[in-house]
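Notes follow once the structure below has been shown.
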């Protein structure tokens, strides 16, 4: 770990340093490639289904959900194992190995795209899920070994910003490439190029010694998952932070999955407007994440968590009222016509501010987990976080399906999530009053001792 700087650290300066820059660009490329592949595959089954799905026996809608389910399955199956690997081995070597795996997956994906092999592409979706599952614990456990405590919030903010920008760029690239007649070939080649570049960058990640080299790997995912969950449940500070992060994923998935319907049926926009909503949301999370270092004044400041939670609810509730005032659209508008209508600016601003609030909410929680957890089992705790995240995302999908099937509108669904977020924030402060105390101290500009 680097010596503590007498000045407040500058998170952007980390991009010029070997301890952070290769890691940042490697994780950036991985997140971008995940979404480039998934979105190109989704467009392929949606718009070219007859060439891909033999006999039309499987609907494109079912295929889209199948892709999402196959991708998330490895997080449930292998997170516990990936946490053990990241604690036992050098994290830099592990990340380089994962990048080699990504190249192999993308070679198969190139063949799947060009040959129209549905089975191959589904296998690649599972493979990219495995890739992300293996990379995640090493990614978050890497930062505390190379950053000072004063740099941890800024480093996490940069990482979260990079992740959401990469997700946005990956989705946009996947959609744009598939517009061309030879789109599947272009998408496959792009995925392979990004994977190779990611491996080349990852070669520069500095050695990150194992924290628990004597650890014996338990290859049974069920028993190891249970052991990881018992491990975090013993620490009240830790389990509350993990549940708070997982709730943020519940909240985020509720909004992200509804953008196409929100754009079409509520805002009266076409597909390009739906993509614009994704861009606004991603940029908001990224800027909110970057703001955390400045707001935290060079420390791990959990007082920002209630502030972020409040913003997520206030602007989520206002989004409901803003969309209620919109007239029913007769024809769908493109981006230019959509932005020319002043009534659309309020919901766009709400969307930006609630996503920025989500970034402010999540970054201190990740930094707290990294700082609070002993290095000997930090990666396994992060793996447990991934498992809980996956569970919350599945529950969110089920909740949305139930209330929409009951006749609720999309704005009403999002309003209910924003209200539930108020309850979740109140529950967190009730269970861990230090969040509320630190928020009050931060507002008074007199930070309370950690």
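For this structure, a couple of remarks:
- Listed peptides 142-153, 403-414 by packing density, highest first (mean Cβ within 10 Å): 142-153, 403-414
- Extension gain for residue 203-residue 222 works out to 3.5 nm (0.36 nm per residue, less the C-alpha to C-alpha distance).
- For peptides 211-218, 175-182, sequence by mean Cβ density within 10 Å, most packed first: 175-182, 211-218
- Counted by neighbouring Cβ atoms within 10 Å, the residues 392, 361 run from fewest to most as 392, 361.
- Estimated distance in nm for a label pair at residue 180 and residue 372, the labels positioned 7 Å out from Cα along Cα-to-Cβ: 4.9
- Peptides 335-344, 111-120, 88-97 ranked from most to least packed, by the mean per-residue count of other Cβ atoms within 10 Å: 88-97, 111-120, 335-344.
- Model label points for residue 123 and residue 10, set 7 angstrom from Cα along the Cα-to-Cβ axis, are 5.0 nm apart.
- Extension gain (nm, one decimal) between residue 193 and residue 427, 0.36 nm per residue minus Cα-Cα: 79.6 nm
- At full extension, residue 93 and residue 403 could sit 107.0 nm farther apart than now, given 0.36 nm per residue minus the alpha carbon distance.
- Two-site FRET efficiency, residue 440 against residue 294, from Cβ-Cβ distance with R₀ of 22 Å, rounded to 0.05: 0.65
- Relative contact order computed over region 239-450 (Cα-Cα under 8 Å; 6+ residues apart), in percent: 37
- Dimensionless Rg ratio for region 239-450, taking C-alpha atoms and the 2.2 N^0.38 Å reference: 1.07
- Percent RCO, i.e. relative contact order, over the chain, from Cα pairs under 8 Å lying at least 6 residues apart: 24
- Only alpha carbons enter this Debye calculation for the chain, each as an equal point scatterer, and the log10 of I(q)/I(0) it gives at q = 0.06, 0.07 Å⁻¹ is -0.25, -0.34.
- Length, then width, then depth: along the principal axes, the Cα atoms of region 225-288 run 49, 24, 16 Å.
- Descending semi-axes in Å of region 180-318, equivalent ellipsoid built from Cα gyration tensor: 33, 28, 19
Taken together, the values in this text are just the output of simple stated rules run on the coordinates, not laboratory data. Only a predicted model underlies this, so the values are computations on that prediction, with no experimental measurement involved. Glycine also receives a Cβ, built like all others from the backbone with ideal geometry; neighbour counts cover every protein chain displayed.
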